[in-house]
Amino acid sequence: MVSTREGNSWSTPTVLNFVEDKVNYGHPSISADGSTLYFSSNHPEGWGGYDIYYSERTPDGWDMPRLMGRSINTEGDEKFPFIDNDTLYFASDQHFGIPDEERSRVREKIFIAWLDEIKKDAKCIFLLGDLFDFWFEYKKVVPRGFVRVLGKIAELRDEGIPMYFFVGNH
């Protein structure tokens, strides 16, 4: 839905021109200049459950959404995009540990590099959803093979960056 401000009131909301039946669209974030809309969707052309798309404003509304690249979207769920100047922040289920150690390790390295990249600007970090798949013992043990992720989180915390972890979505 989209609504525009007209004087001191808002127009009646209308459905965006690109919305398709049986597809969910959510978590919108618009660029500061109002020219680009970012959102999460479970559109069938995506690579995971939910992926991040963007659409640019046209004189007639919004153009057809484009799927962000593989550096953004994974087989997991990418949600909650937030654009701040030219930096896009979002959350992604990592599910370290599945489907196999090799593919999990690739995601782990990308995640650690991302944490290194954002630490210079981060006022705080919120980790949402599942980092580790089937980690039932999280209050008692460190899951085997993921000490690098936990070490990076500890490093950022030691540097004074507040860290908030909201456990799983299953």
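Where a number appears in this text, it was derived from the coordinates with a stated rule and is not lab data. Quick caveat, the model's predicted, so the values are computed rather than measured. Neighbour counts run over all protein chains shown; Cβ positions are idealised from the backbone, glycine included.
Pairs from the list K119/K152; K79/K152; K79/K109 with a Cα-Cα gap above 18 Å: K79/K152; K79/K109. Each 5 Å bin from zero up to the one holding the largest Cα-Cα distance in segment 11-62 carries the following percent of pairs: 4, 18, 27, 27, 16, 6, 1, 0. Summing charges over all other residues whose Cβ lies under 13 Å from the Cβ of P65, with Lys and Arg as +1 and Asp and Glu as -1, gives -3. The peptide list 155-165, 78-88, 3-13, put in order of mean Cβ contacts within 10 Å with the highest first, becomes 78-88, 155-165, 3-13.
In this structure, the amide hydrogen of F96, modeled 1.01 Å from its nitrogen in the peptide plane, lies closer than 5 angstrom to those of F132, D133, counting only residues at least 5 positions away or on a different chain. Note on segment 36-92: Cα Rg divided by 2.2 N^0.38 Å, N the number of residues, gives 1.09.
For Y50, the residues whose modelled amide H falls within less than 5 Å of its own, excluding neighbours fewer than 5 places apart on the same chain, are D77, E78.
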